[in-house]
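To start, the structure under review is shown below, and the notes come after it.
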Amino acid sequence: MAVAAYASLLSLMHVLENVQHPGRRHRLHLDRDQIQSLQKKVKFLGDFLEHHSQRNSNQEIEDLVRQIAVVSYEAEHIIDLHVVDQLREGSQDVGHHMAAISSFCQDMDKIVEKIDSITKELMMIKEGWNNIEVQKPIVAAPANSSKIPSSQKNSTMVGFDEHLIRIMAEVAGDNSNLQILPIVGMGGSQKPYMLDFLDLEKSWDLLCEKVFAQKNCPYPEFGKDIAKYCRGLPLAIVVIGGLLANSNMHVYMGLMVLPSRIWEMPQLRHIFINSVVLPFPTAPLDSTILENLQTLALIYNFRCMTKVLERIPNLKKLKLSYPSHVEEWSHYCLYNLARLHKLESLFLSAENFFLENIVFPTALKKLALSRCGIPWKDMKIIGSLLNLEVLKLYCNAFKGGEWNPVDGQFPRLRVLLIHQSDLVRWNAETIHFPNLESLFLQDMHDLEEIPSDIGDIATLCSIHLDSCSDSIVNSAKQILEEQHSNGNELQVWVNGKDMKLVDP
């Protein structure tokens, strides 16, 4: 869990840096002071995970780490929504600008409040640790390694090979017991290795050497972005270069410029682009099939034409966003998504969307919808997806005051999240979600209560409530008390805190 939380924090930091890019400042109406304040808070959490989570792990820490992962994902999702909406509107009206900033600040205030709560608990835990052992470097020299020769003290990297082998094994290995491997510069001849920071030109040369065994790169535009992202750290450049050079390893790339180059890179496995229109491939089909591509996110106005989907046959994860007003959904050919037979995870953000415009792949395991405004009666279409395990509904993905689930649906659903919905009555029974394990309700103020039968689901482990009405919280408490009296284990979390019952 610590690794997942750490990765989510790094991803959030990247988003926060990205929205402050000089080229985007005049197009986005965000509170820069608030973003920079959030960056500091996120950095603190990252530093804590890096230095303390592995050595001082207990149930309390694990619970907080889980909260960090959740709030990081939530923050990134909300920022993405604001960025997409603002870029889509493109209004120059001052009143619109102020409304956009106000809306952003309100959402960020909720995120900051959650992060502050987590930070406060972490600080209390940290203060309670006495005589804690000074943490040793995660990458250490072998006990029998020889002393560093004086002739090597001024080299870029000393004693590097052994450490690189270990890091590459951790990065590329199929090991469920993953660790956080911070890549940092360390000065002084007494360290296991020594790194001198490189300028951009030397970083670029080193990357080209490791990836292409030369100083010439066929893709200089995005290659220099990667070198810059490594921030002058030779170890980071060598590790990433090794991953890029080896087609058998997982390659993660965030391309900020020239997205059309994607179709010329058959080794890519995971592509993360922040709300960019992906150009149609111009090269012949046989020369641009990205057989290794597994992730494509977040693509704006993606046209799911057969000629495009044939080039990404093994895609497993897809995130799409569409404009506020679409006159003809058939233009985007979302019915062709059924051709992606290996697609397991889909995120779709679109307003005034109807499920008749899309055909879901049968292998789909995770589905997230945002702003769609779909009537609850159409939920039966999603409920018929036999392999669906995770369903997340954001920002009125479904609209209407009443949801009447249908028997025999959602046979494998384990996780259900509903965020910002006008739902009032949820008439659910145990048989409607036979394998539900976790229920998440966020920013729910109209819902009268959580159906009591939800608590009787045999597989249910936890209920998570964030910024919900008192009536929802009270119904969750009643469910907890009933299950507790029946000898069943159930956890209820309210605004990140565990609702514990005191035995009489």
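Is it the case that the stretch 359-373 has a residue that's polar (S, T, N, Q) and exposed (fewer than 15 other Cβ atoms within 10 Å of the Cβ)?
Taking every residue of the stretch 359-373 in turn, at least one turns out to be polar (S, T, N, Q) and exposed (fewer than 15 other Cβ atoms within 10 Å of the Cβ).
Taking M108 and the conditions (1) at pLDDT 80 or above; (2) loosely packed, with under 14 Cβ neighbours inside 10 Å, which numbered condition does it fall short on, given that it satisfies the others?
(2)
Failed condition for D378, given (1) free of Cβ contacts under 8 Å to residues at least 60 places away in the same chain; (2) open to solvent by less than 10 Å² (accessible area, probe 1.4 Å), with all others met?
That leaves (2) as the condition not met.
Mind checking which pairs have a first residue in the stretch 191-213 that is modelled with pLDDT of 65 or more and a second that is among the polar types (S, T, N, Q) and surrounded by fewer than 18 Cβ atoms within 10 Å (Cβ to Cβ), Cβ under 9 Å, 6 or more apart or different chains?
Partner pairs satisfying both residue conditions: L198/T156; K202/T156; L206/T156; C208/Q214; C208/N216.
Report, by residue number, each residue of the stretch 17-43 that is modelled with pLDDT of 85 or more and surrounded by 11 or more Cβ atoms within 10 Å (Cβ to Cβ).
Q34, I35, Q36, S37, L38, Q39, K41, V42, K43
On the basis of being within 25 Å of G400 (Cβ to Cβ), open to solvent by 60 Å² or more (accessible area, probe 1.4 Å), in a loop (DSSP other than H, G, I, E, B) and out of contact with any strand residue (DSSP E or B) (no Cβ under 7 Å at 6 or more places or on another chain), does V326 make the cut?
Here the answer is no, as V326 does not meet what is asked.
Yes or no: L320 at pLDDT 85 or above and either assigned to a loop (DSSP other than H, G, I, E, B) or hydroxyl-bearing (S, T, Y) (or both)?
It is false that L320 is at pLDDT 85 or above and either assigned to a loop (DSSP other than H, G, I, E, B) or hydroxyl-bearing (S, T, Y) (or both).
Considering only residues of the stretch 1-12 that are surrounded by fewer than 18 Cβ atoms within 10 Å (Cβ to Cβ) and modelled with pLDDT of 70 or more, which is farthest from D80 (Cα to Cα)?
Among them, the one singled out is L10.
Name the single residue, out of those in the stretch 420-437 being of a type outside the set (D, E) and open to solvent by 20 Å² or more (accessible area, probe 1.4 Å), that is nearest to R371 (Cα to Cα).
In this case the residue turns out to be Q420.
Of the residues that make up the stretch 362-385, is at least one out of contact with any Ser or Thr (no Cβ under 6 Å at 6 or more places or on another chain), over 19 Å from C304 (Cα atoms) and of a type in the set (S, T, N, Q)?
Yes, there is a match, as at least one residue in the stretch 362-385 is out of contact with any Ser or Thr (no Cβ under 6 Å at 6 or more places or on another chain), over 19 Å from C304 (Cα atoms) and of a type in the set (S, T, N, Q).
In this structure, does I273 turn out to be open to solvent by 10 Å² or more (accessible area, probe 1.4 Å) and either more than 24 Å from the chain's Cα centre (by Cα) or modelled with pLDDT under 90 (or both)?
It is false that I273 is open to solvent by 10 Å² or more (accessible area, probe 1.4 Å) and either more than 24 Å from the chain's Cα centre (by Cα) or modelled with pLDDT under 90 (or both).
Taking the stretch 368-398 on its own, how many of its residues are hydrophobic (A, V, I, L, M, F, W, C) and part of a helix (DSSP H, G or I)?
Looking only at that region, the number is 4.
If L480 passes every condition in (1) in contact with a strand residue (DSSP E or B) (Cβ under 8 Å, 6 or more places away or on another chain); (2) crowded, with 20+ Cβ neighbours inside 10 Å but one, which one does it miss?
It fails just one condition, (2).
Kindly establish whether E356 is open to solvent by 50 Å² or more (accessible area, probe 1.4 Å) and free of Cβ contacts under 8 Å to residues at least 12 places away in the same chain.
yes
I'd like to check something: does the stretch 276-295 contain any residue that is closer than 18 Å to H14 by Cβ, in a strand (DSSP E or B) and at pLDDT below 70?
yes
Please tell me if L278 is open to solvent by less than 30 Å² (accessible area, probe 1.4 Å) and either touching a Gly at 6+ places or on another chain (Cβ under 8 Å) or more than 27 Å from R412 (Cβ to Cβ) (or both).
When the stated conditions are applied, L278 passes them.
Output the residues belonging to the stretch 398-419 that are among the hydrophobic types (A, V, I, L, M, F, W, C), crowded, with 19+ Cβ neighbours inside 10 Å and over 19 Å from the mean Cα position of the chain (by Cα).
Those that are among the hydrophobic types (A, V, I, L, M, F, W, C), crowded, with 19+ Cβ neighbours inside 10 Å and over 19 Å from the mean Cα position of the chain (by Cα): F398, W403, F410, L413.
The values are calculated or read from the model by the stated rules, or taken from the named source; none is laboratory data. Worth saying up front: this structure is predicted, and the values here are computed from it rather than measured. Note that each Cβ is placed from the backbone with ideal geometry, even for glycine, and that neighbours are counted across all protein chains shown. The accessibility values were calculated without ligands, DNA or RNA, using every heavy atom of the protein model including side chains. Shrake-Rupley method; radii C 1.70, N 1.55, O 1.52, S 1.80 Å.
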